[in-house]
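K.L.:
Would you mind keeping the following structure in view while I ask a few things?
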Amino acid sequence: MDIEHLRLFVRVAKTHNISQAGQELGISPAVASSHINKLEANLAIRLLHRTTRKISLTEDGAGFLPHAEDILASVEAAQASLGLGDNTLSGTLRIAAPASFGRIHLMPAMKGFLQANPNLSVDCRFTDNIVDVVEGGFDIAIRNAKLKSSSLVARKLADDHRILCATPEYIATYGEPTLPTALLEHQCLTLIGQDLWQFSANNDNRIQKPIKVQGRFRADNGESVRDACLQGLGIAICSKWIAYEHLQSGALRQVLSDYELVSDTAIWAIYPSSRQLAPKVRAFIDYFAERFEERLQDMS
């Protein structure tokens, strides 16, 4: 069994495109197709469903994929232990991340990551929609929501500390709430589907009854909610990483600081489960986990 054929198959499984997978590995579409045919002939099974529009795994292909990933990871680990082979990372790392977090925190550190891995290319998708990591062919995704799929593995990169914010002008005009229930008298800016706000008092573990807030503005993007808050349109829940600079400058002020928002959100790295973690995914997680932790700790 040819290792390069396995490597190509794994990329095809992620990209659902033989030509793209071949291009990432530096081979032509014709050669890539030939390699897949040889792998299927060698295994005496059909790994892929091929149509003019779509490439998908057969049931046998889906069952074989994690074993192929483990074989590749084991070969790389064995070579590294003996000081053999080219230990530099290569190929393409496909990443999905929330749009705001990607722009604010991922991109400023990207130059250093690429400089440390000169043979590696990065393909980023910044979206606030929850993407299907496996179906979308992503190697890794950054999320600030709970892990729901058991077919994925999650590593916590940092806490996602959220607070309530408003502009000094809004507070001067409409007053500053001193109790969570007072929010019912204020314009509250919300992410779509997140209009139930729940609190606990500092140094008190008792959780208060959720408050259903209302306001004239809501959006599906954290930066948009923060920007509406900066315009003085109301009170918003903001992650510290998205409002830190504005809190430092005084453009925003924290309100209800004596009450903590009840939230178990965190920044997670999500990747398909495998007994062996691909070296480029491990390198990405290790590099960015260190930088996220340092940067977000500075904001706490």
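The values are calculated or read from the model by the stated rules, or taken from the named source; none is laboratory data. None of these values were measured; they are calculated from a predicted model. Every residue, glycine as well, gets a Cβ built from its backbone with ideal geometry; the counts of neighbours run over all protein chains shown.
K.L.:
So, restricting to helices (runs of 4 or more DSSP H) that lie completely within segment 1-119, which ones have at least 1 residues that are outside the structural domain of GLY136 (by TED's automatic domain parsing)?
P.N.:
Because the criterion is at least 1 residues that are outside the structural domain of GLY136 (by TED's automatic domain parsing), the helices (runs of 4 or more DSSP H) in segment 1-119 that meet it are 3-15, 18-24, 29-43, 59-81.
K.L.:
On to the next question. Hey, could you check segment 148-178 for residues that are without any contact (Cβ under 8 Å) to a residue 60 or more places away in the chain and either over 28 Å from PRO272 (Cα atoms) or in the same structural domain as LEU233 (by TED's automatic domain parsing) (or both) and say which is surrounded by the most Cβ atoms within 10 Å (Cβ to Cβ)?
P.N.:
In this case the residue turns out to be TYR174.
K.L.:
Checking GLN187 against (1) more than 24 Å from the chain's Cα centre (by Cα); (2) surrounded by fewer than 17 Cβ atoms within 10 Å (Cβ to Cβ); (3) of a type outside the set (Ser, Thr, Tyr), which test does it fail?
P.N.:
Just one mismatch for GLN187, condition (2).
K.L.:
Could you list, in sequence order, all residues of segment 281-300 that are in contact with an Asp or Glu (Cβ under 9 Å, 6 or more places away or on another chain) and at pLDDT 85 or above?
P.N.:
Of everything in segment 281-300, those that are in contact with an Asp or Glu (Cβ under 9 Å, 6 or more places away or on another chain) and at pLDDT 85 or above turn out to be VAL281, PHE284.
K.L.:
Does THR15 fit the bill of being farther than 19 Å from THR92 by Cα and β-branched (Val, Ile, Thr)?
P.N.:
Against the criterion (farther than 19 Å from THR92 by Cα and β-branched (Val, Ile, Thr)), THR15 does not qualify.
K.L.:
Kindly list the number of the only condition in (1) touching a helix residue (DSSP H, G or I) at 6+ places or on another chain (Cβ under 9 Å); (2) modelled with pLDDT of 85 or more that fails for GLY102.
P.N.:
Answer for GLY102: the failing condition is (1).
K.L.:
Could you please find all residues in segment 36-85 being modelled with pLDDT under 85, charged (D, E, K, R) and closer than 12 Å to PHE9 by Cβ?
P.N.:
Hit for segment 36-85 is GLU69, nothing else.
K.L.:
Let me ask something else about it. Look through segment 247-272, keep the residues that are within 17 Å of ILE171 (Cα to Cα) and among the hydroxyl-bearing types (Ser, Thr, Tyr), and return whichever of them is surrounded by the most Cβ atoms within 10 Å (Cβ to Cβ).
P.N.:
SER257
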